[in-house]
Amino acid sequence: MPVIKTPQEIRFIKKACSITDDIFSEILKELHGGMYATERALARAINQKIKTRGLRHAFPVIVASGAGAAEPHHKPTNEPLAGFTVIDFGVRVNGYCSDMTRTVYFGVPKTYEKVLYEKLLQSELLGIRLVRDGASCAASDLAVRKFLGAYRKYFIHTLGHGVGKRIHERPRVYYRAEKEIYKKNMVVTVEPGVYIEGKLGIRIEDTCVVAAPKADILTKS
């Protein structure tokens, strides 16, 4: 599977990302209106919005709230939406995938929760800044882990992965993948997360096109 994308392939992925943004915007408005009470209800709504557009999901929709958000690949249940809630989904356009994760909060966050969210957000933005043609994938992963400091022990997966017709492709953005290099027109995700078992989980993820001097972020939400 080619990891360098053609202009046409990038257009398909951009379109998929744009649709993902649109769906997320709709969901946010509905959440403010109190339309969905459980993980499963929210996941079903996202799936229905994808189907209404005549598309398929890129992977099973993840909605993970409260302690369930500490599981990176949590399957939605009838648990109520409370505290940090991870929403991870994507769509396929002409077979090409988008991949985006946002974390929202239900209720009133405590000060330490605000601090933790901001720390993770800044780590994600750092990771994106390090996505550029010719740079080391492993080095970007290591830099994000270093930035997370004491929270790095709760970051339990890779910083990112390639995206195309498959939701997980090369390159593997991980400190142990020392030979992986960002190359122009690769499409990759940047998705640091913090998962504290039994308590909470936060993940923020964007899909980007590798370029120079900086990445083109496709998910705009």
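The values are calculated or read from the model by the stated rules, or taken from the named source; none is laboratory data. Given the structure is predicted, the values throughout are model-derived calculations rather than measurements. Please note: Cβ atoms are built from the backbone with ideal geometry, for glycine as well, and neighbour counts cover all protein chains shown. Side chains are part of the model used for accessible areas, which takes the heavy atoms of the whole protein and leaves out ligands, DNA and RNA. Shrake-Rupley method; radii C 1.70, N 1.55, O 1.52, S 1.80 Å.
For the reader, a short list of remarks on this structure follows.
- Looking only at residues of the stretch 1-47 that are of a type in the set (Asp, Glu) and open to solvent by 50 Å² or more (accessible area, probe 1.4 Å), we find that the one that is nearest to MET100 (Cα to Cα) is ASP22.
- LYS146 satisfies every condition listed in (1) under 14 Å from the mean Cα position of the chain (by Cα); (2) free of Cβ contacts under 8 Å to residues at least 24 places away in the same chain; (3) within 13 Å of GLY127 (Cα to Cα) except (1).
- Residue in the stretch 23-43 that is within 16 Å of the chain's Cα centre (by Cα) and not in a helix (DSSP H, G or I) present: no
- Selection of strands (runs of 3 or more DSSP E) fully inside the stretch 48-113 by the criterion of at least 2 residues being aromatic (Phe, Trp, Tyr) and crowded, with 20+ Cβ neighbours inside 10 Å returns 83-89.
- The set of residues from the stretch 91-117 being over 16 Å from the mean Cα position of the chain (by Cα) and either of a type in the set (D, E, K, R) or within 20 Å of THR158 (Cα to Cα) (or both) comprises LYS110, GLU113, LYS114, LEU116.
- Matching option when the condition is without any contact (Cβ under 8 Å) to a residue 24 or more places away in the chain and open to solvent by 10 Å² or more (accessible area, probe 1.4 Å), among GLU118, GLU191: GLU118
- Of the strands (runs of 3 or more DSSP E) lying entirely inside the stretch 125-192, the ones with 3 or more residues being in contact with a Gly (Cβ under 8 Å, 6 or more places away or on another chain), at pLDDT 95 or above and β-branched (Val, Ile, Thr) are found at 187-190.
- Among residues of the stretch 156-172 being hydrophobic (A, V, I, L, M, F, W, C) and in contact (Cβ under 8 Å) with a residue 40 or more places away in the chain, the one that is surrounded by the fewest Cβ atoms within 10 Å (Cβ to Cβ) is ILE156.
- Given (1) touching a helix residue (DSSP H, G or I) at 6+ places or on another chain (Cβ under 7 Å); (2) assigned to a loop (DSSP other than H, G, I, E, B); (3) of a type outside the set (A, V, I, L, M), number of the condition ASP206 does not satisfy: (2)
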